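Below you'll find the structure, written out as structure tokens, and then a few comments.
We did not get these values from a lab; they are worked out from the coordinates using the rules stated. Since this is a predicted model, take the numbers as computed values, not measurements. We place every Cβ from the backbone using ideal geometry, glycine too, and count neighbours over all the protein chains shown.
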Amino acid sequence: MRKCMVALALVGTVVVLSTVAQGALVNFSADATSSWSDSGAVVSQNISTILPLQLTMSAQANSKFTITTTTTNESSIIWERYILTLDLQGDATFVQKDAGSTKFKTVDYVSPYRLEFLSPDEVLPGQVVTLQFDISIPDGGPFTFTLTQNPIPEPATAALLGLGALLLLARRKK
């Protein structure tokens, strides 16, 4: 009887430890300098234009990992917020209450697939902002998904850019 109890305890321990050990980031690629381990990724990038950037990741099922991205604003535009979006093909979601930033103090979980960093600070040209957030992968993977990053210019800058584009078009027509 005693041997059976020991054997059951060992089997239970192995099952518990194997479920805890499941899940990890298994692949990561970015159009920027990056490093990654099974627990997460660190990305360092310079953004000179306001275009969405994409990071592609693969992760095992039932995992949670941390992404830290440090971005330098090399554009001439002030960023008033920064939006992160996960594509829906991999079912990856942002983990609520685990995000933070060196500049943006407000984090808005718009949906499980969209995260917005905003106010009170802005990221001026030449400044650096670091964002940190967690992503969760559900059971049934591995999954490959894409994280899209999109810095948003402050309204006055966007209006000036739009006005400048209209003036260029008007000049071109003449």
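A compact table of results
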read-out: THR130-THR56 pseudo-label distance in nm [points 7 Å out on the Cα-to-Cβ vector]; value: 2.9
read-out: Environment charge at PHE145 (Cβ cut-off 13 Å; Lys +1, Arg +1, Asp -1, Glu -1); value: -2
read-out: Under 5 Å, built H, 5+ apart or other chain: amide partners of ALA41; value: THR66, ILE67, THR68
read-out: Ascending count of other beta-carbon atoms within 10 Å, so fewest first, for ILE152, ILE137; value: ILE152, ILE137
read-out: Longest to shortest principal axis, alpha-carbon extents of segment 24-156, angstrom; value: 46, 27, 22
read-out: Peptide ranges 69-80, 91-102 listed from the most packed, as the mean C-beta count within 10 angstrom indicates; value: 69-80, 91-102
read-out: Ranked packing of 54-66, 122-134, most packed first, by mean Cβ within 10 Å; value: 54-66, 122-134
read-out: Per residue, the convex hull volume that the Cα atoms of segment 71-133 enclose (Å³); value: 82
read-out: Exposure proxy ranking, count of Cβ atoms within 10 Å, fewest first, for TYR109, TYR82; value: TYR109, TYR82
